[in-house]
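For reference, the structure is listed below as structure tokens.
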Amino acid sequence: SLRLLRTFKQQQRSAFARLLSSLAVLEQREGKLQSASLSAVTAAQKLGGQVTGFVAGSGVRLVAEEAAKVKGLEKIIMIENAAYDKALPENYAPLLAENIKKEQFTHVFAGHSAFGKNLMPRVAALLDVQQISDITAIEGEDTFVRPIYAGNAILTVQSSDKIKIITIRGTAFAAAEANGGSAEIINGVDPNVQIKTEWLSEDLAKSDRPDLATASKVVSGGRGLKSKEDFDRIILPLADALGAGIGASRAAVDSGFADNSLQVGQTGKNVAPQLYLCAGISGAIQHLAGMKDSKVIAAINKDADAPIFQVADVGLVGNLFEKVPELTEKLKQ
Ligand code: FAD
């Protein structure tokens with residue numbers, strides 16, 4: 001009877017999977033598929049059922065062709081229109097909502113990035129459903145797990161909405177493989193909404209170093225660095241010796257030691273690299289919220305009681321102005 005029950009459950013699950021139809025919203029920038037958004041494909045795959053990708057912008061056919069190769073995608077919906085290039089949510093949200101209604105998707109996933117955070121709540125509002133934010137696990141068709149209070153509590157949410165509009169925490173889902181798929185590309189509907197918002201310009205911090213959000217190693221500096229000159233003089237050579245991306249605490253960013261885009265934590269970026277090495281960071285809960293899932297955490301701090309040592313796998317108590325250059329020299333050798 002146990003076997004019977006199991007077969008019944010399996011049948012139920014596969015019948016269920018057939019009814020599910022998920023959309024992964026893929027972010028593109030300057031005609032390039034953003035690899036971070038491939039985590040949304042993985043999240044969609046966890047549910048089972050058919051998974052479709054979504055891309056929009058000018059000259060987006062190349063992006064669609066790239067997306068068609070992503071393993072696990074069966075279809076790509078493409079909308080070619082320059083109006084969607086910068087993903088202004090005022091026009092991208094109605095576009096997405098129209099396509100969701102037309103294809104009757106049950107689940108829609110996007111990364112919990114600036115793109116997803118800007119877009120998905122508007123889409124949810126247009127569809128008159130609740131948006132489910134920053135999930136780290138999927139327990140079932142309607143049940144999702146998400147951290148709250150800067151990761152101090154884990155909430156399991158169950159949604160009875162017909163369409164689930166979800167943003168996912170990229171560090172909790174690996175990116176889907178970029179090759180091995182052969183999805184069909186179809187044209188989506190374009191509502192051509194006339195909007196009053198216009199894209200003027202952007203001022204992006206450019207760097208040759210690995211991108212903080214996706215780097216396998218990150219070196220971070222905090223208020224202990226004392227000045228921007230010291231941040232640059234101490235932290236950057238260590239990062240270069242390791243081939244690491246650069247991060248900072250909010251105190252370091254607020255003091256002008258590092259660019260805003262480098263902030264790690266509750267109000268900054270979430271990272272989970274193989275190695276997170278930080279110096280002069282005390283380990284406030286809001287900072288830990290953005291890095292505590294890193295595989296190995298190493299910390300240098302002159303205060304042996306600093307809370308960062310409670311999460312660190314490796315700790316060094318000492319003056320960073322001596323220890324970091326010493327470590328950098330050893331790594332170079
Ligand atoms: P401090 O706490 O001042 O720590 C400096 C550390 O450097 C100390 O531990 C000290 O012992 C050490 N030090 C000093 N000199 C040396 C030396 N010569 N050698 C070695 N060690 C030395 N913070 C974030 O980081 N990210 C966020 O996203 C974030 N979001 C927040 C959101 C909210 C709503 C709030 C209220 C706060 C947020 N914060 C965030 C701020 C957070 O609470 C802390 O204030 C901040 O993380 C502290 O940064 P810090 O560790 O660099 O500075």
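The values are calculated or read from the model by the stated rules, or taken from the named source; none is laboratory data. Since the structure is predicted, the reported quantities are computational estimates derived from the model, not experimental observations. Quick reminder, even Gly has a Cβ in these numbers, built from the backbone with ideal geometry, and neighbours come from all protein chains shown. With ligands, DNA and RNA removed, areas are computed over all heavy atoms of the protein, side chains included. Shrake-Rupley method; radii C 1.70, N 1.55, O 1.52, S 1.80 Å.
Within region 37-50, track down each residue that is crowded, with 17+ Cβ neighbours inside 10 Å and part of a helix (DSSP H, G or I).
Matches in region 37-50: 37, 38, 39, 40, 41, 42, 43, 44, 45, 47.
Exactly one of these conditions fails for residue 197: (1) without any contact (Cβ under 8 Å) to a residue 12 or more places away in the chain; (2) under 30 Å from residue 266 (Cβ atoms). Give me its number.
The failed condition is (1).
Within region 215-230, track down each residue that is assigned to a helix (DSSP H, G or I) and open to solvent by 70 Å² or more (accessible area, probe 1.4 Å).
Residues satisfying the conditions are 223, 228, 229.
Can you work out which of the residues in region 301-333 that are away from the ligand (no atom under 14 Å from the Cβ) and in contact with a helix residue (DSSP H, G or I) (Cβ under 8 Å, 6 or more places away or on another chain) is most open to solvent (accessible area, probe 1.4 Å)? Show your work before the answer.
The first filter runs over region 301-333 and keeps only residues away from the ligand (no atom under 14 Å from the Cβ), leaving 313-314, 328-333.
Next cut, in contact with a helix residue (DSSP H, G or I) (Cβ under 8 Å, 6 or more places away or on another chain) only: 328, 331-332.
Working: 328: 7, 331: 73, 332: 132 Å².
Across region 301-333, the extreme among qualifying residues is 332.
Do the conditions hold for residue 178, that is, is it crowded, with 20+ Cβ neighbours inside 10 Å, closer than 21 Å to residue 36 by Cα, in contact with a Leu (Cβ under 8 Å, 6 or more places away or on another chain) and in contact (Cβ under 8 Å) with a residue 60 or more places away in the chain?
No: the conditions fail for residue 178.
Return the residue satisfying two criteria in turn: it lies in region 231-289 and is closer than 22 Å to residue 331 by Cα, open to solvent by 30 Å² or more (accessible area, probe 1.4 Å) and part of a loop (DSSP other than H, G, I, E, B), and of such residues it is farthest from the ligand (Cβ to nearest atom).
Within region 231-289, the match that is farthest from the ligand (Cβ to nearest atom) is 243.
Where residues in region 290-300 are part of a strand (DSSP E or B) and open to solvent by less than 20 Å² (accessible area, probe 1.4 Å), which of them is nearest to the ligand (Cβ to nearest atom)?
300
Could you tell me how many of the residues in region 141-174 are open to solvent by less than 60 Å² (accessible area, probe 1.4 Å), part of a loop (DSSP other than H, G, I, E, B), over 27 Å from residue 83 (Cα atoms) and not basic (Lys, Arg)?
Residues in region 141-174 being open to solvent by less than 60 Å² (accessible area, probe 1.4 Å), part of a loop (DSSP other than H, G, I, E, B), over 27 Å from residue 83 (Cα atoms) and not basic (Lys, Arg): 5 in total.
Can you tell me how many residues within region 79-99 are at pLDDT 95 or above and surrounded by 22 or more Cβ atoms within 10 Å (Cβ to Cβ)?
The number of residues fulfilling the criteria is 6.
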